[in-house]
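*Asks:* I have a structure I would like to understand better, so I am pasting it below and will then ask my questions one at a time.
The values are calculated or read from the model by the stated rules, or taken from the named source; none is laboratory data. Computed from a prediction, not measured in an experiment: that's the story for all the values here. Ideal geometry is used to build each Cβ from the backbone, glycine not excepted, and the neighbour counts take in all protein chains shown. Accessible surface is based on the protein model in full, side chains and every heavy atom, while ligands, DNA and RNA are left aside. Shrake-Rupley method; radii C 1.70, N 1.55, O 1.52, S 1.80 Å.
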Amino acid sequence: MRDVINQDEMTLSDPLPLKPLSGHLNTTYKRFVLVTTPRQLSGLGPTDEDTLVVSCDWLLWQKEAANGRHCVFYELGLLEWDEPNDMASNLYLHSHDWLHELPADPTVFHGVSLGNMLSADISNCLMSYHRIHRSLEGLISLFSPEEVHFFGFQNDINVLPRELQAQIVAAIADENGLTFTDMLSGSGLLEDIGDVADRPSVLGNTPTPFAKRAALGAYTYVLEVLSMIRSAIAHRGRNRVLLQLNTKVMQALLDSYDTSPFSNQVQPIVSSRTAPKQTKSIIKGLLGGIFYARPRSGSLSSSQRQSLAVIRADLNTLLSQQDVSIETAIVHAYIRETVLDTDVLEQLAETVISAERMLRSFRPDRIVVDGVRNAGHRAYMELAKSAGAKVDYIWHSPFLSSRLRMDALGGDPRTEPLVDRCLSWGQLNDAWLENIEAYQPRVRVGSPLSARYQIAETSQVPDHSERKNAVILQYTPQIQDLTGLNTNMYEFTLRSIRVLKEAGFKNIRFKLHPGRDRWKKEYFEAIMKHWDMDVKVLKSEPLHENIVWADVLIGPIQSSSVYESLAAGKPYFPFLIPPTFTIADSFGNFPLIASLDDLENSLENWHWEPANELVQGVTDPDCTNGFWGAFAAVSNPIASMKTN
């Protein structure tokens, strides 16, 4: 038996720590076996002193290691990641590098860079690449293997097809003088993406059934006709503002429109497909002068398809160059496999044509976006100048702690910003804009959600004998946080349940992030079952209902749920667990919890003063003109709309 890595013993009821238990692992192994699913272990014996299984499935690792297999979780290789890395501020900028490295941008279509529209997807590719690259390098340094047997190797939220995972692992093995074997080569087996999470799709699009498309088409057409009639009667000459916002923010802004003293100077234009669909809200909006526009078709002509064929051919040639780094080679391969070998290029072009037709029809004076990396928003921003419109950017939720710079906001010295003006929620929003080097003109408008964030009658943490309901919100490092460990998320979930039960809370709910392409509800239900936790797992259920139900909530500080919970008068205990790229001092005096060892003490020492300060710093309660006031002085409004 080889020497072992020392570690304090844990109780059987605890999840195994990321660092190995005493007596379980050797200091060196002859081979690594890299796996992502339980199915890939079927051909291996239960124990092998020369083989270390590296699992990308946390629950699989917990089960196998507890049963005596030499097995670790892939994040063990990330623990010593301390070398200088500019990804904390430049990850998004690096998603544009591949275009800047080419002689010219070959993806320009109708004045829009289709390549830049992919920046969100490519930053996810880079995230997956860097995490598994650094993990495997770290594990090789720890255990000095001679061979790598590859089934699969991926980040929890993974965008890389298996072929690209194999390319990365093979390159690292070669650099370290190790033998690489693809255990599924020639097997004909379909790729198994695993049980942890769904793989994010490029552009995040899901097909809409024909019947639903037809119903939406009729609905949006009728609303536009009614809007045209109302606009012709009463709203000529007003400054037109096209809102490209998520439904929650748009609802809040439209609700405030008719009471704004500036509503007689501004006409909002919203997509009837994404605008709130409550009948009462729509009638109120139509009477008040809100224009509900039907989305324009993005259908491509034969000549446009020919232009795309040229773009595809040029890209295939340019991305086939061999003398590039492994990182660049993976980005090139990712684009070829997920874009050029699919219809994604056509989807991007259709998005551009749809936006172009929308701008031609409605000729807005200003376009307001609540994101600058979404492909649709990118199309509008790049088309704005030729359409004679200015672009404004506003948060869709508080995003205080990131320092990731974005080219559209001015953070990339290689390009001019696409955003002309930032609409700030308040003091903390201003500080974030400074952090990411967004220096364009700025107007304080307050939070569109200020009514929602007005703190109601507050409640305290109940006495021990009266404690009933607690909600745990999924703790995750920010999706773009390369150093953050998902191990902390799993341990946080299980240990926080125990702490809350010991603190007297009888009913506990665990709520996952509701977004698509994230962790599966079934995976966390399996975790609860394995540890015999009588806790209901939620995902799509409305957050507000859970806030009303709860006596207290605990969860990540990097979430808008903090503000919604506090606004409802409920104590919220925020966690920020190291290691992390998140800037801890972004949250003022609001106390952050770094360890579950401190949760019990925090429950006994809740104070509302720092919570009030945080909410006021986000919402700017002293802002008087609000959102609509920012558009009252827009010059040279255009008095007519086309209907094509």
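*Asks:* Express the relative contact order of the stretch 473-579 as a whole percentage, based on alpha carbon pairs under 8 Å and six or more residues apart in sequence.
*Replies:* Rounded, it is 28 percent for the stretch 473-579.
*Asks:* Sticking with this one: Put a dot 7 Å past each Cα toward the Cβ at residue 30 and residue 507; how far apart are the dots in nm?
*Replies:* 5.7 nm
*Asks:* Let me ask another. Which GluC sites (Glu not before Pro) from the stretch 530-635 combine a DSSP loop assignment with at most 10 other Cβ atoms within 10 Å?
*Replies:* 604
*Asks:* With a Cα-only, solvent-free Debye model of the chain, what are the log10 I(q)/I(0) values at q = 0.09, 0.10, 0.12 Å⁻¹?
*Replies:* -0.84, -1.03, -1.39
*Asks:* Show that you can apply the helix-only estimate: for the chain, add -39,500 (n - 2.57) for every DSSP H stretch of four or more residues, divide by all residues, and state [θ] at 222 nm to the nearest 500.
*Replies:* It comes out at -11000 deg cm²/dmol, rounded to the nearest 500.
*Asks:* A further question follows. For 607, 96, 130, write out the residues from largest to smallest accessible area, computed with a 1.4 angstrom probe and no ligands counted.
*Replies:* Ranked list, largest accessible area first: 607, 130, 96.
*Asks:* Specify whether the C-alpha gyration tensor of the stretch 475-603 places it in the rounded, prolate or oblate class, a ≥ b ≥ c being the square roots of the eigenvalues: rounded for a/c under 1.5, otherwise prolate if a/b is larger than b/c and oblate if not.
*Replies:* Rounded is the answer for the stretch 475-603, as its axis ratio a/c remains below 1.5.
*Asks:* Okay, next question. Would you mind finding the longest exposed-site-free stretch of the chain, with exposed trypsin sites (Lys or Arg not before Pro) meaning DSSP loop and at most 11 other Cβ atoms within 10 Å?
*Replies:* 3-413
*Asks:* What net charge is computed for the residues neighbouring residue 345, neighbours being all others with C-beta under 12 Å from the C-beta of residue 345, Lys and Arg scored +1, Asp and Glu -1?
*Replies:* Taking every other residue near residue 345 into account, the sum is -2.
*Asks:* Now a separate question. May I ask you to list the GluC sites (Glu not before Pro) in the stretch 20-123 that are in a DSSP loop and have at most 15 other Cβ atoms within 10 Å of their Cβ?
*Replies:* Sites meeting the loop and neighbour criteria: 49, 80, 101.
*Asks:* Restricting things to alpha carbons, find the Rg to Rh ratio for the stretch 321-426 using the Kirkwood radius for Rh.
*Replies:* Using Cα coordinates only, the ratio equals 1.03.
*Asks:* Let me ask another. Which ³J(HN,Hα) values, rounded to whole Hz and listed in residue order, are derived for the stretch 564-576 from phi using the Karplus coefficients 6.51, -1.76 and 1.60 in 6.51 cos²θ - 1.76 cosθ + 1.60 with θ = phi - 60°, glycine and proline given as x?
*Replies:* Residue by residue, the stretch 564-576 yields 5, 5, 5, 5, 7, x, 9, x, 10, 9, x, 10, 9 Hz.
*Asks:* What value in Å³ per residue do you get for the convex hull of the alpha-carbon atoms in the stretch 401-513?
*Replies:* Roughly 146 Å³ of hull volume per residue.
*Asks:* Compute the FRET efficiency between residue 309 and residue 226 as 1/(1 + (r/R0)^6), taking r as their Cβ-Cβ distance and R0 = 41 Å, and round to the nearest 0.05.
*Replies:* That gives a FRET efficiency of 0.50.
*Asks:* Roughly speaking, to the nearest percent, how much of the chain's 1.4 Å accessible area is carbon and sulfur?
*Replies:* Ligands and nucleic acids excluded, carbon and sulfur give 50 percent.
*Asks:* Heavy atoms of the protein only, probe of 1.4 Å, neighbouring chains included. What is the accessible area of residue 159 in Å², nearest 10?
*Replies:* 10 Å²
*Asks:* For the stretch 110-198, max minus min Cα coordinate along each principal axis, in Å, sorted largest first?
*Replies:* 52, 30, 24
*Asks:* If you don't mind, another one. How far is the Cα center of the stretch 286-313 from the Cα center of the stretch 553-623, in Å?
*Replies:* 43 Å
*Asks:* Mind scanning 468/521; 539/570; 30/539; 277/521; 277/468 and naming the pairs with a C-alpha gap bigger than 31 Å?
*Replies:* With Cα atoms farther than 31 Å apart: 30/539; 277/468.
*Asks:* Can you tell me the accessible area per residue over the chain, all protein chains present, probe 1.4 angstrom, in square angstrom?
*Replies:* For the chain, the per-residue accessible area is 42 Å².
*Asks:* Next question. Give the residue list of GluC sites (Glu not before Pro) in the stretch 443-520 that are DSSP loop and have at most 11 other beta-carbon atoms within 10 angstrom.
*Replies:* Qualifying residues, ordered by number: 457.
*Asks:* If you take every DSSP beta bridge fully contained in the chain, what fraction is antiparallel? Give it as a percent rounded to 5.
*Replies:* Of the beta bridges lying entirely in the chain, close to 5 percent run antiparallel.
*Asks:* Let me ask you something else. When the Cα centres of the stretch 115-176 and the stretch 384-455 are compared, how far apart do they sit, in Å?
*Replies:* 33 Å
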